[in-house]
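Student: Shown below is the structure under consideration.
The values are calculated or read from the model by the stated rules, or taken from the named source; none is laboratory data. Predicted, not measured: the structure shown is a model, and the values here were computed from it. Cβ: placed from backbone, ideal geometry, glycine included. Neighbour counts: every protein chain shown. Remember, those area values only see protein heavy atoms, side chains included, never the ligands or the DNA or RNA. Shrake-Rupley method; radii C 1.70, N 1.55, O 1.52, S 1.80 Å.
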Amino acid sequence: MIRRVVSASTVGTALEWYDFMLFGTAAALVFDKVFFPDHDPVVGTLAALATFAVGFFARPFGGLLFGHYGDRIGRKKVLVITLVLMAVASTLMGLIPSYDSIGVAAPAMLVFLRVLQGLGAGAEYAGGALMAAEHAPPRKRGLYAAIPPTGNGIGVILAAAVFTPFTMLPEDQFTTWGWRVPFLVSILILPVGLYIRMRVSETPAFDETKERGEDASFPALDLARSEPRTLLRCLLTNIGPNVATYVPSVYALTYIEEDLGMAASVGTVGLLIANSVKMVTLPLSGALSDRWGRRPVFASGAVLCALLAFPFFWLLDTGHSWVVWIAMTLMLTFANDLMLGAQAAMLPEQFDTSVRYTGVAVSREFAAAIAGGTLPFIAAALTSLTGGTWALSLLMIFMCVLSLIGVAGLRDGRELSFVEDPTADAEPGRAAAPAS
């Protein structure tokens, strides 16, 4: 069952993040021309990246909404709903007329559908990892919980693989119809995701909590009353992975094309390479967290991200494709995955079963809204204002320090049992209390 759950969670996450990251690629490469053509090129780029950020502002609300129902009606049902929501929203994006055709209604429709995407994404990552974590045996929880997040990388690979050939079309064809095809593909892969997700069972931890009548009526309120410090520490912890994800995977695409004058395909090929490596680095990081502890593995990733903040752009500035790919891989896999792999099990271990989905989703998605969705926009603005990337690199270091402060206050829950087990040392269903 654990293998089926992990497979289903991974595939479902891949399909949802294919949809979500298509938007990031398109926002970096083409949305300024299709939906904001009357603006100055810099303003158009900022406007396109701002629509990317809108999805992140919707993610906390998705985390609250679907986290609530994930704790009330079950993890499985919520993950099926979010899969449908994401696929439908992405397909409709491919059908939006351009600004030249219908005026301001075009970007308005784009923003509305991006909000729907954000609502779905607000529950997906947390739900996929949580399904695996709650099914897994405690001593292998880090490994099993870290596998579904590889679906994020698989989704990015799919998005980049489908998008890259169309970036090689003549520009007029790419901006007219080429970029739309990857979005329309979403509706074709939806049945696959639904079939896979419907075949898994609900988690034993949720079923047990429900049977014992210990489920929370209002998980978010219960969480705010009982564990506010834990929630805040988890939120701070989540800042680092957003830095190591969205600088190389979104802003770098714009920087490579517009500031360095390189082909757009250089960035998308870099995403393909870096996310392919994730298939190894994420599970390895989870396994290392089982052996050495969640905090040390996570902290090493945050420190590496901070150390790479300046060298990352120095490598990009060489203008050599293979050096750019090395830079993207170092940041997006080695630094990022040490954090993400340890985080996948660490976050669920901080919360009681009755509020776990809400706790994980809200802490992740509020951090994503604050530090993830805004970062490409802020990065572009800082680079334009300062004429270089030094200010952005300093900001990245500061955000990594915040993440280190957050993780320092979390306890390691490797021995925690999520279900009633008389042989377990920890209180069932309850994470160890965070450090004061």
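Student: Where the accessible area of the stretch 74-221 is counted over protein heavy atoms with a 1.4 Å probe, how much of it, in %, is carbon and sulfur?
Tutor: After summing per-atom areas, the C and S share lands at 70 percent.
Student: Give me the percent of accessible area attributable to carbon and sulfur for the stretch 283-425, probe 1.4 angstrom.
Tutor: The C+S portion of the solvent-accessible surface of the stretch 283-425 is 71 percent.
Student: Using a Gaussian network model of the chain whose springs link C-alpha atoms within less than 10 Å, name the residue from GLY118, GLY406, GLY341 with the highest mean-square fluctuation.
Tutor: GLY406
Student: Still on this structure: Mean Kyte-Doolittle hydropathy of 0.0 or higher plus an axial Cα length of 30 Å or more: which whole DSSP H helices in the chain meet both?
Tutor: Those that clear 30 Å and a mean of 0.0 are 2-29, 41-72, 105-135, 264-292.
Student: Could you tell me, in Å, what Rg and Dmax come out for the Cα atoms of the chain?
Tutor: Using the Cα atoms of the chain, the pair Rg, Dmax is 20.6, 67 Å.
Student: I'd like the accessible area for TRP177, computed on protein heavy atoms only with a 1.4 Å probe and all protein chains in place. Round to 10 Å², please.
Tutor: 110 Å²
Student: When ligands, DNA and RNA are left out and all protein chains stay put, how many square angstrom of accessible area per residue does the stretch 1-115 have with a 1.4 Å probe?
Tutor: Heavy-atom accessible area per residue stands at 34 Å².
Student: Set the Förster radius R0 to 35 Å, insert the Cβ-Cβ distance between SER226 and MET1 as r into 1/(1 + (r/R0)^6), and round the FRET efficiency to 0.05.
Tutor: Between SER226 and MET1 the formula returns 0.70.
Student: Taking all protein chains together and a probe of 1.4 Å, list LEU22, LEU308 from the most accessible to the least accessible.
Tutor: The ranking, largest first, comes out as LEU308, LEU22.
Student: Just to be sure I understand the model, the point goes 7 Å from the Cα along the line to the Cβ. What's the resulting SER217 to GLU202 distance in nm?
Tutor: 2.0 nm
Student: For the stretch 328-350, list residues with backbone N below 11 Å from a point placed 7 Å from the Cα of LEU284 toward its Cβ?
Tutor: 334-335, 338
Student: Also, quick follow-up: Report the FRET efficiency, 1/(1 + (r/R0)^6), for PHE398 and TRP314, where r is their Cβ-Cβ distance and R0 is 22 Å, rounded to 0.05.
Tutor: That pair, PHE398 with TRP314, gives E of 0.70.
Student: Which lysines, on any chain, are close to LYS278 with Cα under 22 Å apart, when same-chain ones fewer than 8 places away are left out?
Tutor: Straight-distance partners of LYS278: LYS140.
Student: Tell me, what is the per residue accessible area of the stretch 205-268 in Å², probe radius 1.4 Å?
Tutor: 39 Å²
Student: GluC sites (Glu not before Pro), restricted to the stretch 155-236: which are DSSP loop and have at most 12 other Cβ atoms within 10 Å?
Tutor: In loop regions of the stretch 155-236 (DSSP not H, G, I, E or B), the sparsely surrounded GluC sites (Glu not before Pro) are GLU214.
Student: A further question on this structure: Setting aside same-chain residues fewer than 8 positions from LYS76, which lysines have a Cα under 18 Å from its Cα?
Tutor: LYS210
Student: If each of LYS140 and ILE189 carries a label point 7 Å out from its Cα toward its Cβ, how far apart are those two points in nm?
Tutor: 2.8 nm
Student: Enter the accessible area per residue of the stretch 277-396 (Å², integer; probe 1.4 Å; all protein chains in place).
Tutor: 32 Å²
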